[in-house]
Amino acid sequence: MQALTERAKLVDRKPMTFVERLYLWNIFKGMIITFAHLFKKKVTVKYPEQKREFSPVFRGLHILNRDSEGRENCTACGLCAVACPAEAITMEAAERKPGEEHLYREEKYAARYEINMLRCIFCGFCEEACPKDAIYLTETFAPANFKREGFIYGKPDLLIPHPKTGQ
Ligand code: SF4
Ligand code: SF4
C-alpha cells in the first residue's frame, strides 16, 4: 500500500530473541537514567515545608481592607463586581444605622460580600476598579478544599483583622 506521507516508517516485526525477551538490557538502561537523575539539580520543592518564591506581580487571595480605626472600607458600590470578567463577586448592600459609625466608614456597607474562588481568575480587575481601597489581592493562594462551598469566601474570610482588637 502506498504511504500517505513521506514520514511513514516501516516497523520491523521480526520475533524477539531470547535475550531481548529478558528485557535485562532495557531495565539496565532505565536504571542508568534513574541513577543519572540523582546527581541533577532538583526541579521540585518539598511543599508545604518549602515554598517557592512568588513573582512580585503574583496575585493571590483577596482581602477586604479596613481603615486605621478598623472600619470597613467597602461601601458596596458594586464596581468590583461589574469589573469582574468571571462574575465571581456577589454582594448585598445595607444602610449604616446610627451607632454603627465605628464599624463602617461610610453610610452604605456590604452586608454580604462573597467571592467564588473557583470562578476567579485572579486578574486583579476588582482591585483596580475599587475607588475605596477596599479590596486587594495578596500573595496567598487559595488552600485546597474537598467541597465546592469551601471556595466561596465571605466577609469573615476576606476581612483583615481589626487593627486595634486583632479580631
Ligand atoms: S481577581 Fe478578577 S476574576 Fe477574581 S474576583 Fe477580582 S476581578 Fe473577578
Ligand atoms: S470592594 Fe470596592 S469596588 Fe467593590 S463594592 Fe466594595 S468599595 Fe465598591
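Brief remarks follow.
- Sites matching chymotrypsin sites (Phe, Trp or Tyr not before Pro) across region 31-69 that sit in DSSP coil, with at most 12 neighbouring C-beta atoms within 10 Å: Phe39, Phe54
- Fraction of beta bridges assigned by DSSP in the chain that are antiparallel (%, nearest 5): 85
- C-alpha long axis of helix 24-37 to longest principal axis of the chain, angle in °: 40
- Here the simple spin-label model places points 7 Å from the Cα toward Cβ, and for Arg119 and Ala94 these points are separated by 2.2 nm.
- The distance between label points at His102 and Met31 comes to 7.4 nm (points 7 Å beyond Cα on the Cα→Cβ vector).
- Three semi-axes of the equivalent ellipsoid, region 62-158, Cα gyration tensor, whole Å, largest first: 23, 14, 13
- The Ala86 and Ile160 beta-carbon pair, evaluated with R₀ = 22 Å, returns a calculated FRET efficiency of approximately 0.45.
- The chain pair-distance distribution - Cα-Cα, 10 Å bins, rounded %: 8, 24, 21, 11, 9, 11, 8, 5, 1, 0
- Annotation: amide H of Ala93 within the under-5 Å range of Ala111, sequence separation 5 or more or interchain, hydrogens built in the peptide plane.
- R0 of 45 Å, Cβ-Cβ distance Arg13-Asn145: FRET efficiency to nearest 0.05: 0.30
- Across the cross-link table entries Lys42/Lys147; Lys14/Lys42; Lys132/Lys164; Lys97/Lys164, which are compared at the Cα atoms, the separations over 31 Å belong to Lys42/Lys147; Lys14/Lys42.
- Cβ-based charge dipole, region 1-55, positive-most Cα from Thr44, Leu10, Gly30: Thr44
- Three principal axis lengths of region 10-55 [C-alpha, angstrom, descending]: 54, 25, 17
- Bridge type composition, region 62-158 - antiparallel percent by DSSP, nearest 5: 95
- Sparsely packed loop sites in region 71-167 (the trypsin sites (Lys or Arg not before Pro) outside DSSP H, G, I, E and B with at most 11 other Cβ atoms within 10 Å) comprise Lys147, Lys164.
- Once the GluC sites (Glu not before Pro) in DSSP loops with at most 12 neighbouring Cβ atoms within 10 Å are cut out of the chain, the longest remaining piece is 7-48.
The numbers here are math on the coordinates, done by the rules we state, and not lab data. From a predicted model like this one, the values you see are computed outputs, not experimental measurements. So basically every Cβ, Gly included, is an ideal-geometry build from the backbone, and we count neighbours across all protein chains shown.
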